[in-house]
Ligand code: CTP
C-alpha cells in the first residue's frame, strides 16, 4: 500500500505555466489514496481554473484570505494544520521570496506561515530568475528553515530559453512527497525491533540507502530494466536499522518485502529515485546500492506503441542523472560519508578506484558481477572496499553478512 493512503496534502498552486502539470499531480495523489485540498493563488488562477482543480480534488478550492464563508467553514490556520504535508507546485520566484521573508499577504503565504507541518516546494521559473542571487539567497534561507525542494529540472522552457527552471515532473514530485512523508522521526518501531539488543552504534544517525533496479518507461506498458534484485541494498537497510539508525530506503521495483523499521520510498525511474533521495537529505551516511539505469528513452510514448507497417520503433536513449555523483558533489547537503557500489566484470579494483574519483564518493563497494559469479540476484557476495588509498577484500559471504560488516565499518567512520 502506498504511504500516501489516507494522508492529507495541502497543495498550493502558484502562478506559472507549469500549473497544468499540477493537475496531473493531483490525479496521481488521489489514485494513491491521498486526500488533496488546494489553495490556488491569484496568479495560479490565471493558469488553471478553480473548476478543474476542484474537479480533480473533489473539494472546494481555497482562494481568498478574506472570504467570510471560508473563514467560518475552515480558517486558514486549520487549513494548514489539518494537512500532513504542504506542497507548493509550482513555487514561483515571488512565492519563494515571500516564504523566505515570512510574508502573510494572501491565503497561500498565510497558510505557509501558519503551518506546523513540513513544506515541500517544486520551483518553476525562468532560468535567469532561478540563477539570480536573490533566488539563490531565498532558496538557502528556505533550506535552513527546513523547507524541502524537488527540482527544478533542466530543459527547454515555455519562455524559449534553456536551462534549469522547469518544474519537476508529477512523478518526481510524487516521489519527493512520499520521501517527505516517510521521513517522520519518532515512527513507532515495529514489534520485531524491540528484540534487537546490543550496542546501537548508529543511534541518532540518519542513513539513506538506494536499492534495486530502476524501470525506464518506453510506453505505458513497456520498460527498460536490469537484473538487480535489491537483496544487497535491502540487507544494508536492515543492518542499519539493527544498528539503531533512522533509515530511509529509496527502492526501485523489487519483489522483496520492506525491511521492518525502515522508511521505504518506492520509486520506478532514475529521475524519481533522484528526487526521493534529494528530498530525504540531510543524512549522515548515504549508500548507493541501486543499479540505476544509465539511460532512459528520450521520448517515452504516452500511449502503447502499436506494431505497424513502419517496422520496429527506433528508441533514442538519453543519459539519466547520476544520483551518486549528484549527492557526492552536493553544494550544501553532501552527507559526511557517501558510499557507492561498482558492479564490474573485469579489472574490478582499477575501475572502482576510477569511479571513486569520478563520482566524488568516499568509499566504493566493488564486486565482480560476471555471470559466472552468480552475484546478480544471488544470496552471496564477494566485495572489495575501495577507498582513495585503502583496499579491503572480504571473503565470500551471505549478502546479509556483507551488509552487517559494511554498516559496522561505516559506523566506525562516523562515530
Ligand atoms: N549510480 C547512480 N546513478 C546512476 C548510475 C549509477 O547513483 N545514474 C550509482 C550506483 O548506485 C552505484 C554507482 O553509481 O553506487 C556505480 O554505478 P555503475 O553502474 O557501476 O557505474 P557507472 O556510473 O554506470 O559506470 P560504468 O558504466 O562505467 O560502469
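The values are calculated or read from the model by the stated rules, or taken from the named source; none is laboratory data. What you are looking at is a predicted structure, and each value in this text was computed from that prediction instead of being measured. All Cβ positions, glycine included, derive from the backbone under ideal geometry; neighbour counts span all protein chains shown.
Looking across region 312-335 at every residue that is more than 19 Å from residue 164 (Cα to Cα) and over 19 Å from the mean Cα position of the chain (by Cα), the one that is farthest from the ligand (Cβ to nearest atom) is identified as 312. Residue 304 falls short on exactly one of the conditions (1) out of contact with any strand residue (DSSP E or B) (no Cβ under 6 Å at 6 or more places or on another chain); (2) part of a loop (DSSP other than H, G, I, E, B); (3) on the phi < 0 side of the Ramachandran plot; (4) away from the ligand (no atom under 12 Å from the Cβ), and that condition is (1).
Apart from one condition, residue 279 fits all of (1) in a loop (DSSP other than H, G, I, E, B); (2) away from the ligand (no atom under 13 Å from the Cβ); (3) buried (at least 22 other Cβ atoms within 10 Å of the Cβ); the exception is (1). Just a yes or no: is a residue in region 362-380 on the phi > 0 side of the Ramachandran plot, away from the ligand (no atom under 14 Å from the Cβ) and touching a helix residue (DSSP H, G or I) at 6+ places or on another chain (Cβ under 8 Å)? Yes: one or more hits. Applying the criterion of being at pLDDT 95 or above and part of a loop (DSSP other than H, G, I, E, B) to the residues of region 231-253, the residue that is nearest to residue 204 (Cα to Cα) is 252. Taking (1) within 8 Å of the ligand (Cβ to nearest atom); (2) within 30 Å of residue 393 (Cβ to Cβ); (3) buried (at least 21 other Cβ atoms within 10 Å of the Cβ); (4) under 15 Å from the mean Cα position of the chain (by Cα) in turn, residue 286 satisfies each apart from (1).
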